[in-house]
Amino acid sequence: MNADDVVQGCLEHTLFSWSARGKLKPLAIERAQGVYIYGPDGQRWLDFNSQLMSVNIGHSHPRVVQAIKDAADGLLYAYPGAATQARADLGRRLAKMCPGDLNTFFFTLGGAEANENAIKLVRQSSGRFKILSRYRSYHGATNATMQLTGDPRRWANEPGAPGFIRVLDPRPIGFSFGDTDEEITTNNLRYLEEIIVAEGSHTIAAMFIETVTGTNGILPPPRGYLAGLRALLDKYGILLVCDEVMAGFGRTGKLFAFEHGDIVPDVLTMAKGLTSSYVPLGCVAVSDKIAHHFDDNVFYGGLTYNAHSFCMNVAMACLDVMEDEGLVENSARMGLVMREEMDRLKAAHPSVKEGRNIGLFGILDLQRDRQGTDMAPFNGSHPVMGELNRFLLDNGLFTFIHWGSVMCNPPLCITEEQLREGFSIIDRALHLADAAMDDA
């Protein structure tokens, strides 16, 4: 089928995430290799978003493709109460990779399921019910994780389950907790402690954070924040859950983003980069203390596809590639190149408000005037963002446009030449945003 046939066939009988079907023209993708994706009509795009910030090792890596074929000849599925070699191997592998005492794992099929089960684990192990999370977070589209989520996708899914308390991020929308990292950290944590006291600290099981806020801004925590948050939660016996579904497995230049803050959470959730999305797999890692609670207490959680043998064998191959090819280290090196390119674009284009990145986790925020007004309002858009997206696709670059921002999250295997190629295309596209400024 050509691209139009593929699109029409999909629209006739399927629904798409977060979209009105009648207003949608999805991108037709036929195959992918390395850092590039290809369309049915011969198009080629540099994948500057790793699809959903998830194809960390690059597309169709031959070692993993072969591992998938080999896994198909082995045990494809066993009921979740069974012990399998794949389960033993991946559990031991992750225990060696995860810092601190994160030594016990519950396997799921994705990030939302990982967060759903993390909610159960912290409530059941602590005997407390309430959960703290942040307004700029996204934790998944299942029933409970939608209420854990702060971003506007939650609105259409309300009312939801009780017990979720949302708080402002260190970098909220519309005002600031301070001018320096120290001020922001101090003031935000003081505010958070007020919430904890007012809600009753003895009723709060855990706080969930995206260690680096993902979809809603690529916001690394200010210096000192993670250590300060860890200490504050410890003061009140509240567990810390780091959602690294998007930020984990090398995306930030370290294996896990919380390592930048020299802390270890009580619970870690992961997915995406665990298999580079070649097959679905998620995971919850818990501390020894939480794991030992369930030595004598039943964990009331379960999934038909918990510890799916086929998927876990593929994960082992993906982790082999990540380690053998030094992709975490490459992410750190290429993050410096990304920083340089973002600074160059900001100097060259009045429409660039700010570029942020940590490793290969990056975003360009655009502005509509020189006073710093966001190109698109909160949960809104601007006509030029659609034009800019069309220009990028027409010139060989695929990425996500989110409100008034351009995502910059390529696979971790990207070379310096390929990374600069992507920013060169964005550079050419930004004349559209420059011309759309109110004071252009």
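The values are calculated or read from the model by the stated rules, or taken from the named source; none is laboratory data. The structure presented is a predicted model; accordingly, all values stated were derived computationally and were not measured. Every residue, glycine among them, receives a Cβ derived from its backbone with ideal geometry; neighbour counts consider all protein chains shown.
Have a look at THR203, THR213 and point out the one that is surrounded by fewer than 22 Cβ atoms within 10 Å (Cβ to Cβ), in contact (Cβ under 8 Å) with a residue 40 or more places away in the chain and farther than 21 Å from ASN103 by Cβ.
Values: THR213 fails: surrounded by fewer than 22 Cβ atoms within 10 Å (Cβ to Cβ).
Being surrounded by fewer than 22 Cβ atoms within 10 Å (Cβ to Cβ), in contact (Cβ under 8 Å) with a residue 40 or more places away in the chain and farther than 21 Å from ASN103 by Cβ holds for just one of THR203, THR213, which is THR203.
Please enumerate the residues belonging to region 287-307 that are of a type in the set (Val, Ile, Thr) and either in a helix (DSSP H, G or I) or over 27 Å from LEU75 (Cα atoms) (or both). Quick ask: steps written out before the conclusion?
Let us first name the residues in region 287-307 that are of a type in the set (Val, Ile, Thr), namely 290, 298, 304.
The answer is ILE290, VAL298.
Pick from ILE57, ILE68: which is buried (at least 20 other Cβ atoms within 10 Å of the Cβ), of a type in the set (Val, Ile, Thr), in contact (Cβ under 8 Å) with a residue 24 or more places away in the chain and out of contact with any strand residue (DSSP E or B) (no Cβ under 9 Å at 6 or more places or on another chain)?
ILE57
Test ALA332 against the stated conditions and say whether it is in the same structural domain as VAL406 (by TED's automatic domain parsing), hydrophobic (A, V, I, L, M, F, W, C), assigned to a helix (DSSP H, G or I) and more than 24 Å from PHE258 (Cα to Cα).
no
Test of understanding: among LEU393, LEU364, which residue is in contact with a strand residue (DSSP E or B) (Cβ under 7 Å, 6 or more places away or on another chain) and outside any helix (DSSP H, G or I)?
None of the others qualify; the one that does is LEU364.
Any idea which of GLY224, GLY261 is modelled with pLDDT of 95 or more, more than 19 Å from PHE164 (Cβ to Cβ) and touching a Leu at 6+ places or on another chain (Cβ under 8 Å)? Give the derivation first.
Numbers: GLY224 fails: touching a Leu at 6+ places or on another chain (Cβ under 8 Å).
Of GLY224, GLY261, the one residue that is modelled with pLDDT of 95 or more, more than 19 Å from PHE164 (Cβ to Cβ) and touching a Leu at 6+ places or on another chain (Cβ under 8 Å) is GLY261.
Can you name every residue in region 124-149 that is buried (at least 22 other Cβ atoms within 10 Å of the Cβ), outside any helix (DSSP H, G or I), touching a strand residue (DSSP E or B) at 6+ places or on another chain (Cβ under 6 Å) and without any contact (Cβ under 8 Å) to a residue 60 or more places away in the chain?
none
What about THR252, is it in contact with a His (Cβ under 8 Å, 6 or more places away or on another chain) and surrounded by fewer than 24 Cβ atoms within 10 Å (Cβ to Cβ)? Can you show your working first?
On the way: in contact with a His (Cβ under 8 Å, 6 or more places away or on another chain): yes; surrounded by fewer than 24 Cβ atoms within 10 Å (Cβ to Cβ): no.
So THR252 fails the test.
Need the failing condition index for ASP41 against (1) surrounded by fewer than 20 Cβ atoms within 10 Å (Cβ to Cβ); (2) not assigned by TED's automatic domain parsing to the domain that holds GLY250; (3) not in a loop (DSSP other than H, G, I, E, B), just the number.
(3)
Every residue in region 93-123 that is buried (at least 18 other Cβ atoms within 10 Å of the Cβ), outside any helix (DSSP H, G or I) and polar (S, T, N, Q), please.
Here is the first cut: in region 93-123, the ones buried (at least 18 other Cβ atoms within 10 Å of the Cβ) are 94, 98, 102, 104-119, 121-123.
Checking the rest, the ones that are also outside any helix (DSSP H, G or I) come to 98, 102, 104-110.
Matches in region 93-123: THR104, THR108.
Working only within region 163-207, note down all residues that are of a type in the set (A, V, I, L, M) and either more than 21 Å from TYR236 (Cα to Cα) or not in a helix (DSSP H, G or I) (or both).
We begin by selecting, within region 163-207, every residue of a type in the set (A, V, I, L, M); these are 165, 167-168, 173, 184, 189, 192, 195-198, 204-207.
Of everything in region 163-207, those that are of a type in the set (A, V, I, L, M) and either more than 21 Å from TYR236 (Cα to Cα) or not in a helix (DSSP H, G or I) (or both) turn out to be ILE165, VAL167, LEU168, ILE173, ILE184, ILE204, ALA205, ALA206, MET207.
So which pairs qualify, if the first residue must be in region 327-344 and under 18 Å from SER405 (Cα atoms), the second must be hydroxyl-bearing (Ser, Thr, Tyr), the Cβ gap must be under 9 Å, and the two must be at least 6 apart or on different chains?
Note: pairs meeting the criteria are GLU341/SER424.
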